[in-house]
Amino acid sequence: MRDKTKKIAIIGAGITGLSVAHYLEKFLKPDDAEIFLLENDSRLGGKILTVIEDGFVIEGGPDSIYLFKPGAMELIKELHLEESIVRPPVGARAFIFSRGKLRNFPEGFYGLAPRDFIKFLKSDLFSFSGKFRMLLEPLIPVKDTGDETLGDFVRRRLGKEALSRYAGPLLSGIYAADPDDMSILATFPYYKDMERKYGSLTKAALRAPVKKSTGSPFLTLDKGLSMLVEAITQNLHRTQIVLDADIRSIEKDRMGYIVLGREKLQVDEIVLASPSFDTAKLLKNLSPEASRILKEIRYVSTLTISMAFREDGISLPPGSTGFMVARGENLRISACTFSSNKWPGHAPEGFHLIRCFLGRAGFEKVVDYENDEILEIALEDLRKVIGELSNPIFYRIFRWRKGMPQYRVGHLNLLGNLGESLPDGIHIVGAAYRGIGIPDCINQGRNVAKVLAEKYENSKN
């Protein structure tokens, strides 16, 4: 006898929830399941938000996809978006703002460690003593401490200067986090693997195969990353999408689960792809322990401000895609992307599009500033970095309150305890758990869809 058609609710329609729906339709036959995608907001896509205005392609959230993580590229190919891919120009370079000036991003590194020592020694990012300390890295004994902070790990292996001028802005900037709060195992575990396997990051770098450079490892789409959201949505033929769903709670009954929102929905399985603090509220009665654990995941508020300038109103370093800010500099912006240089076609001829990042651990209050205050901060800091510039012809600010989850030491243990506390039929995915990048979120969506498909097949046997 054939098992009944399953009803699956996906709560949260950011890139993770959309990926769950996409792969459920791929892995399950039409008669296998009814799929519901429920979103409390009035739009799909979560933090992926593109605004196209007067020929400018403005990203409110993420502006790129990392090529070397599996997931995103496969999905782009499935959705036939390859012809829309845009990459930074060959030879484009980035800077780090350190000791009051822009300095070339150091060359000759493999991850955090140098392996082309001539290029490394020529870099002006590090002092003589800083370089000497980094060259001592192979002599530092292995210390298998289990999880530790990114800050502790980098200082221990490479020294304080490597953290403040290189690893800090490069790695912790991705999470808008303090490196002394970040779990190395939850964010960059391969560096611990290098230490464990080779006894040294430098030795690991020297043994790694030399690959011919194929350009930047990042890409975007010609009309912005919202094209990915739109393409997934257009390919959802069996998923019922509900916006402004007003999901308030989940209850258990003998038939499965009841999702209570603007409408009452009876389902067999639930995938929670909402932010962890919202998920905690939904699970408060169903699983108090899971709810408690979810509340331990902290978030940081951030914002981006994109500014359009006439080409003669701002002078950018030739061929540059932007800069990161080293720790300890007297700037409030943490990084800046020269979007019109980085992504050809994202600004009209004769104009530049610049995007600055503000808000991080220790400076979250900026999201509550007035728009003109934020603009003043961005322009003041930019003038310190690149010199005089005119006022922008327009600007757009995107605030992300509690937008960036923080992976603190012990994060992986927390996830293990969370998994044990979830009732059967409840699945949790999203940026708060196993990677914040777009490829990570797509992979989580695909994996949970595969689990549900296999569960359904097993139930028929």
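What follows draws every value from the coordinates through simple rules; no lab data is involved. Here the structure is a predicted model, which is why all the values come from computation and not from measurement. For neighbour counting, all protein chains shown are included, and Cβ atoms are generated from backbone atoms with ideal geometry for every residue, glycine included.
Structure data summary
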item: Contour minus Cα-Cα distance for Ile118 and Asn413 (0.36 nm per residue); result: 102.0 nm
item: Given 12 as the ceiling on other Cβ atoms within 10 Å, longest exposed-site-free region of the chain for GluC sites (Glu not before Pro) in DSSP loops; result: 1-262
item: Label selected from (1) 155; (2) 130; (3) 243, the criterion being volume of the Cα convex hull per residue in Å³ as computed here; result: (1)
item: Ellipticity estimate at 222 nm from DSSP helix runs (n ≥ 4, -39,500 (n - 2.57)) divided over the chain, nearest 500; result: -9000 deg cm²/dmol
item: Cβ charges +1 (Lys, Arg) and -1 (Asp, Glu), total dipole of region 106-206, debye; result: 440
item: Cα centroid separation - region 175-235 against region 1-73, whole Å; result: 22
item: Total lysine pairs whose alpha carbons fall under 27 Å of each other in region 172-282 (8 or more apart, or interchain); result: 10
item: Prolate/oblate/rounded label for region 82-198 (Cα gyration tensor, a/c 1.5); result: oblate
item: Neighbour-limited loop hits for trypsin sites (Lys or Arg not before Pro), region 105-150 (at most 14 other Cβ within 10 Å; DSSP other than H, G, I, E, B); result: Lys143
item: Environment charge of Gly173, counting only residues whose C-beta is closer than 12 Å and scoring Lys/Arg +1, Asp/Glu -1; result: +1
item: Listed pairs Lys122/Lys384; Lys47/Lys69; Lys26/Lys455 exceeding 22 Å between Cα atoms; result: Lys122/Lys384
item: Of Gln234, Met324, Trp400, farthest towards positive along the dipole that unit charges on Lys, Arg, Asp, Glu beta carbons give the chain; result: Met324
item: C-alpha long axis of helix 438-460 to longest principal axis of the chain, angle in °; result: 20
item: Alpha-carbon centroids, region 125-163 and region 377-452: separation in whole Å; result: 27
